[in-house]
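Below is one structure, written out as structure tokens; the observations come after it.
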Amino acid sequence: MIWVWIALAPILGALVYGGERVMRARMQRRQGPPLLQPFYDMFKLLDKRTLIVHSPHALLAVAHFAVLWFCIGAIFLGWNLLYIIFLHLFAQILLILAGYSVRSVYSHVGANRELLMLVAYEPVLILVAVGLYLVSGSFEITDIMQQSGYLPKLLPLFAALAMIVPIKVKKSPFDIGEAHQEIVGGVEIEYSGVFYEFLYMSRFLEYLFIYSFVFLFGGVSLWLGSLLVAGMFLLVNLVDNATARVKTADMVKIIYSVAITLAVINILGVLL
């Protein structure tokens, strides 16, 4: 059964993304797209003409999607959390290399921003894994899910995680990678047709990846985990509708001065 869920991961992510667009439209009191709009977009992309800048550029998009999908499969199978974080890091590096592999200035600026986003959120993900290890005694997701009581002990760490969720799903105030007014698509600008489809579906997998970390704080209680994910989903979209985009350098400063400080203090508190 678990393999079925892994196979359906892009579809699950698309439903989450579609649900988010519906929620945002309701918050802004407009009609908005239907829940299944991501699927309609996917079919439209398949009808578009595919232009390839060069073969490695196209293959990097496919590899980025494949590694992300493997990463989600590893989460569903309950693998080691550190391995999963490093797998995800590898997927992001493939995307950044794709951005640098073409001559477009917009693509290079987009790759720079993706790199800075990576520098901002990756330490927090590792600290979250360390915090869960200190409480559960294991980096294995299957072991982490067998215990409870993470939230009272790791509340500052959960707050740090909440600060990087908007970076991963590219929402304000940290929607640096989605700043179409400034970088016209960034690393995605030279992709079209089926290869852009892979990057579009990668976004769905990113949703599953980061909300999986939120779910882990529920531990053995699936209801608590689901409640945390629903609350985080609502909070991220409320903040997205109420704030403006900050500069890339400000995003890094905020994450390092607030999120990482909270995470480190929390871990030191658990150790002492």
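The values are calculated or read from the model by the stated rules, or taken from the named source; none is laboratory data. Keep in mind that this is a model prediction, so the values were computed, not measured. When we count neighbours, we look across all protein chains shown, and the Cβ atoms used for this are built from the backbone with ideal geometry, even at glycine. For the accessible areas, the whole protein counts, side chains as well, though only heavy atoms, and no ligand, DNA or RNA atoms are used. Shrake-Rupley method; radii C 1.70, N 1.55, O 1.52, S 1.80 Å.
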> under 30 Å from His54 (Cβ atoms), open to solvent by less than 20 Å² (accessible area, probe 1.4 Å), under 19 Å from the mean Cα position of the chain (by Cα) and at pLDDT 85 or above - does that describe any residue in segment 173-193?
Replying inline: no
>> With on the phi < 0 side of the Ramachandran plot and not in a helix (DSSP H, G or I) as the only criterion, which of Gly218, Gly231, Gly269 stands out?
In response: Gly218
> Within segment 223-252, which residues are surrounded by 13 or more Cβ atoms within 10 Å (Cβ to Cβ) and charged (D, E, K, R)?
Replying inline: Asp240, Arg245, Asp250
> Where in segment 20-122 are there helices (runs of 4 or more DSSP H), lying wholly inside it, with at least 1 residues that are under 30 Å from Asp143 (Cβ atoms), touching a residue at least 40 places away in the same chain (Cβ under 8 Å) and open to solvent by less than 40 Å² (accessible area, probe 1.4 Å)?
Replying inline: 55-76, 81-100
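For every residue, the table says whether it meets (1) without any contact (Cβ under 8 Å) to a residue 12 or more places away in the chain; (2) in a helix (DSSP H, G or I); (3) within 28 Å of Leu59 (Cα to Cα).
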residue	(1), (2), (3)
Ala129	no, yes, no
Gln146	no, no, no
Ile164	no, yes, no
Lys171	no, no, yes
> Out of curiosity, is Val135 closer than 22 Å to Arg21 by Cβ, open to solvent by 20 Å² or more (accessible area, probe 1.4 Å) and either touching a His at 6+ places or on another chain (Cβ under 9 Å) or hydrophobic (A, V, I, L, M, F, W, C) (or both)?
Replying inline: no
